[in-house]
Amino acid sequence: MPSKKNNSIFEYELNKIFKIMKNLKYIIIVIFIIQIFLNTASTDAEDSPVPFIINKDTNFWQESSNYPGVLKGIEIKNSFPDKQWWLQFNDPILNCYIDQAISANQNIKIALAHIEEANAQTGKVFGSEFPQIFLRDIFFRVKGSKTFLVPQAADSSVQSSSFLAGGTQNLFILPLTAQYELDYLGKNHSITKAARKEAEKFKFDYESALISITSDVATIYLNLIKTDKLLKLQCALLQNQEKSLKLRQSLFSEGLISLDDVLVNQEAISLIKSNIADIKKLQGTLVHQLCILMGKPPTVESCLTRTEIDKISINRDIQIGDPSLLIVRRPDILASEAQLEAAGINVSVARKELLPSFSILGAFGYSTANLDKFFNWNSNTSAIGTSISQALFTGGSKIANLKLNKAKYKEAVQVYQKSILNAFKEVEDSLSTINASIIQYIQAEDDIANSEQQLFLTSDRYKEGINSCLDFLNSEQQLINFKQNLVQKKGEILINKISLYKALGGGY
């Protein structure tokens, strides 16, 4: 049980703390009111989203009052489409390959790791908005100065330490310290918002990685099945030319044709064999690329099954609506927007770092020279106070930091504008290429229909003895060439549709 004298000492110390807190509370209340007001004012400016108005028929490079050089107008928020666009090809093999790529591709895993890093960084920065509390234990072995004499305590009942000059004593301290920086300018809160914008950027980068990987898998797969068809047609063409060569050699031996006709036929066969070798080489490259995208080591062609391009239909009518409304949901544009907003917030933070900082400090713990009385209530100690810090000279580093963040903001504006222009270019390129490919595809279909009719007539005339076998082989060769052209145009349409999907930010 503590004595009455000990209780009086405790009450005396407690009254001193209350008096200090009474004098500080009014100052703290005023500072918090200022902090709330400034936080509200800064939040209105920093939280306002970068608005959009993208209209190719008007001058859309109009400046916003809050973001110079950035588009102004209505704000469009289109959520990231979760539609599995590749299902339109009705190919379960392609669906399986894309699912494997999404789950195993390293670029997607790296993007996910970046999101985790950004979230952790946000949590780290967010911690600065709260009081920092520390508990530490301190032990000193103190040797006093021989020229300094501490006066003896007036109250002999209070045990004193070694007061002799030059004496030594132990000092045990167990303080619980707390420090809180008053965020009266909203600096720490702004740093947290900038970190959240950075994390938001990485989320959009992840969405960009998804679009890129799925479209790359589909593009390589379609190119692969296109080369499969072209290889079959080249083999059929090789058989056709070999038959023609035997026939021409027979005619040459009889003196009915010149040697030039035989040599031209031989050159055509050599060219076809070279094309077959190139197609097989391309097949191997495409298979290896597809394996890498799926997170697998490169393998041989026979290990990857695929469908035939004839089984995949194409939709000639593409309704995309207003491209301006679809482009603004592109993850790369949204990532540039988040980066721009973060850069604007960092400029504000750099300005606030030029102003003084205010902190509240406090401590409570035990301090004694005798370890056996360490947790005795008479050994407790406490303190409370404030701290004002203002950098007077930093060699110009703070001003340079402000200029640096302003330069980064200007760069972010240009990157943002460039991403929008690039988006329009990609959409227009894809649309014009698709339209041209569809026209060419329709013409190739007509050529095949005419060539098939011609081959049918030549076959009948050959059976009747009107046309020669060489005429029939020439008509067959022409039909094979038209079929190769049709396969090329069909592949272009399918791949350009994927490019349009990417350009519009994940669908249309």
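Just so you know, all these numbers are worked out from the coordinates, no wet-lab data involved. Not measured: the values here are computed from a predicted model. Here the Cβ is made from the backbone with ideal geometry for all residues, glycine too, and neighbour counts use every protein chain on show.
Pairs Lys243/Lys463; Lys203/Lys398; Lys197/Lys403; Lys197/Lys352; Lys226/Lys296; Lys109/Lys425: which are spaced more than 26 Å apart, C-alpha to C-alpha?
Correct reply: Lys203/Lys398; Lys109/Lys425.
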Note to self: Which of Tyr366, Tyr416 has the fewest other C-beta atoms within 10 Å, and how do the rest follow up to the most?
What the structure shows: Tyr366, Tyr416
Check: What are the residues whose amide H is under 5 Å from the amide H of Ile257, where those residues sit 5 or more places off or on another chain and H is modelled from the backbone?
Finding: Phe252
Note to self: For Leu304, what residues show an amide H to amide H distance below 5 Å, using hydrogens built from the backbone and excluding near sequence neighbours?
What the structure shows: none
Next item on the list: Quick one: what are the phi-derived ³J(HN,Hα) couplings along region 278-287, Karplus 6.51/-1.76/1.60 with θ = phi - 60°, whole Hz, x for glycine and proline?
Entry: 5, 5, 5, 5, 5, 4, x, 4, 5, 5
Notebook entry, point to check: What residues qualify as long-range amide H neighbours of Leu182, i.e. H under 5 Å apart, gap of 5 or more or another chain, H built at 1.01 Å from N?
Noted result: Phe358, Ser359, Ile360
Note to self: For region 234-300 and region 445-475, what is the centre-to-centre distance using only Cα atoms, to the nearest Å?
What the structure shows: 23
Notebook entry, point to check: Sorted from fewest to most neighbouring beta carbons within 10 Å, what does the list Cys291, Cys96 look like?
Noted result: Cys96, Cys291
Note to self: Distance between the C-alpha centers of region 392-439 and region 350-376? Whole Å please.
What the structure shows: 47
Margin query: Using each residue's phi in region 116-133, evaluate 6.51 cos²θ - 1.76 cosθ + 1.60 at θ = phi - 60° and report the 3J(HN,Hα) Karplus result to the nearest Hz, with x for Gly and Pro.
Written below: 4, 4, 5, 5, 5, 5, 4, x, 5, 5, 4, x, 5, 7, 10, x, 9, 10
Item checked: Whole-Hz couplings from phi, Karplus 6.51/-1.76/1.60, listed for region 97-112; x for Gly and Pro -> 5, 5, 4, 5, 5, 5, 8, 10, 5, 5, 4, 5, 5, 5, 4, 5
